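Student: Quick one: the structure is below, questions incoming.
Just so it is clear, none of the values below were taken in a lab; they were calculated from the coordinates. Values in this document were obtained by computation on a predicted structure and should not be read as measured data. Neighbour counts are summed over all protein chains in view; Cβ atoms, including those assigned to glycine, are modelled from backbone coordinates with ideal geometry.
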């Protein structure tokens, strides 16, 4: 079992109880980060991602808050984003 996607099965309420308080795990997806960068006036100029196993994701029952994400977004387990401030016209 690939434990890298198992956190997607828990609701926010249950995750607050399960998450490690010493080294907390952030469950934001890459699309959330892209949106945050864009909303803050930054442009993502480079992105490198590592994906998990699609078979393991398919076996993981998703919590409601993750059901609206694309499979590609849910498969990403590690990402490196490079962003620069957008130019004002």
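Student: Just need log10 I(q)/I(0) for the range 1-47 at q = 0.16 Å⁻¹, Debye formula, equal scatterers on the alpha-carbon atoms, no solvent, rounded to two decimals.
Tutor: The Debye formula, applied to the Cα set alone, gives -0.62.
Student: Expressed as a fraction of 2.2 N^0.38 Å, the rule-of-thumb size for a compact globular protein of N residues, what is the C-alpha radius of gyration of the chain?
Tutor: 1.22
Student: Another question, then. Where does the chain land at 222 nm, in deg cm²/dmol rounded to the nearest 500, when only DSSP H runs of n ≥ 4 count, each adding -39500 (n - 2.57), divided by all residues?
Tutor: Counting only the DSSP helices, I get -8000 deg cm²/dmol.
Student: Of the candidates 14, 74, 57, which one comes out as most mobile in a Gaussian network treatment of the chain with C-alpha springs shorter than 10 Å?
Tutor: Answer for the Gaussian network model of the chain: 14.
Student: Continuing with the same structure: Nearest 10 degrees is fine. How inclined is helix 30-39 to the longest principal axis of the chain, computing both from alpha carbons?
Tutor: Helix 30-39 sits roughly 30 degrees off the main axis of the chain.
Student: Give me the percent relative contact order of the chain, please, defined on Cα pairs under 8 angstrom at least 6 residues apart.
Tutor: This gives 43 percent for the chain.
Student: Oh, and also: Round to the nearest 0.05 the FRET efficiency obtained for residue 20 and residue 44 when R0 = 30 Å and r is the Cβ-Cβ distance.
Tutor: Given R0 = 30 Å and the Cβ-Cβ separation, E is 0.55.
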